[in-house]
Amino acid sequence: MLEKAISSVQNSGDLQPSLVAKQILSVLSEEDFELDYYKLRTMMLFDVLNVDYGIDNKLRTSTGKVIEHDLTNAFKISTNEKNEIFANGQKVSIKQLKEKVKDYERKNENSSVIAISASRETMYQTYIEVQNTITSAIKSLRDKKALSEFQIEFNKLTEEQKESIKNVYPIEIVETKPE
């Protein structure tokens, strides 16, 4: 049964650790994990998974200059100790957040700044999900702009064309302290 579960996950091509774990737990019981074979087999499986999850953004290289941002018109996103997400003070779901980020970016384009604050008790997963949602929303707008302007997907544009789109929809995220 375990081998079938592992095969189905491998065949799906989606090797997220959480999905693999769910599949394993669907066929093994707590008592099964008392047996060394299942412990070893499960640990080996997670060891060979080549996953690279986390923040989807690359860190910028420091120029040594501190950039001051005017946060007066920034889109403010915060999370609290209950892992609730707020966009400009309004509680939102992750799906609603994506749409609100898109609306803000469309309206403000190259003058947009997103300010994120997270409670110290916010789970890392929630923080990552918020970061990835922001990035995904902006990438979606970039793709749409590339198709309308150049009739080609953003990732297939020349570097010069990409820069022109990035100037319209920059990813400008500033971390702030929780209020």
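The values are calculated or read from the model by the stated rules, or taken from the named source; none is laboratory data. Predicted, not measured: the structure shown is a model, and the values here were computed from it. Cβ coordinates were reconstructed from backbone atoms using ideal geometry, including for glycine residues, and neighbour counts include every protein chain displayed. Surface accessibility is based on the protein's heavy atoms, side chains included, excluding ligands, DNA and RNA. Shrake-Rupley method; radii C 1.70, N 1.55, O 1.52, S 1.80 Å.
Among the residues of segment 77-87, just one is part of a loop (DSSP other than H, G, I, E, B) and within 15 Å of Lys98 (Cα to Cα), namely Glu84. Could you tell me whether any residue of segment 66-76 is under 28 Å from Glu99 (Cα atoms), in contact with a Lys or Arg (Cβ under 9 Å, 6 or more places away or on another chain) and either open to solvent by 70 Å² or more (accessible area, probe 1.4 Å) or modelled with pLDDT of 80 or more (or both)? The answer is yes, given that some residue of segment 66-76 is under 28 Å from Glu99 (Cα atoms), in contact with a Lys or Arg (Cβ under 9 Å, 6 or more places away or on another chain) and either open to solvent by 70 Å² or more (accessible area, probe 1.4 Å) or modelled with pLDDT of 80 or more (or both).
In segment 164-177, the residues that are within 11 Å of Glu109 (Cβ to Cβ) reach residues that are among the acidic types (Asp, Glu) and surrounded by 15 or more Cβ atoms within 10 Å (Cβ to Cβ) with C-beta atoms within less than 7 angstrom, at least six apart or across chains, in these pairs: Tyr169/Glu105. Taken over segment 104-131, residues that are under 18 Å from the mean Cα position of the chain (by Cα) and farther than 25 Å from Lys82 by Cβ amount to 2. Of all residues in segment 90-112 being at pLDDT 95 or above and not in a helix (DSSP H, G or I), which is farthest from Tyr124 (Cα to Cα)? Taking the candidates together, the pick is Gln90. Kindly provide the set of residues from segment 148-164 that are open to solvent by 90 Å² or more (accessible area, probe 1.4 Å) and part of a helix (DSSP H, G or I), ordered by number. Residues satisfying the conditions are Asn155, Lys156, Glu159, Glu160. With the structure loaded, tell me whether Glu179 is assigned to a helix (DSSP H, G or I), open to solvent by 70 Å² or more (accessible area, probe 1.4 Å) and either farther than 17 Å from Ser112 by Cβ or at pLDDT 90 or above (or both) or whether it fails that test. In short, no. Annotation for segment 26-46: no member residue is at pLDDT 70 or above, closer than 30 Å to Thr135 by Cα, under 27 Å from the mean Cα position of the chain (by Cα) and surrounded by 12 or more Cβ atoms within 10 Å (Cβ to Cβ). Filtering segment 132-142 for residues that are over 15 Å from the mean Cα position of the chain (by Cα) and open to solvent by less than 80 Å² (accessible area, probe 1.4 Å) leaves a non-empty set.
Taking (1) open to solvent by less than 20 Å² (accessible area, probe 1.4 Å); (2) in contact with a Phe, Trp or Tyr (Cβ under 8 Å, 6 or more places away or on another chain); (3) at pLDDT below 95 in turn, Ala87 satisfies each apart from (3).
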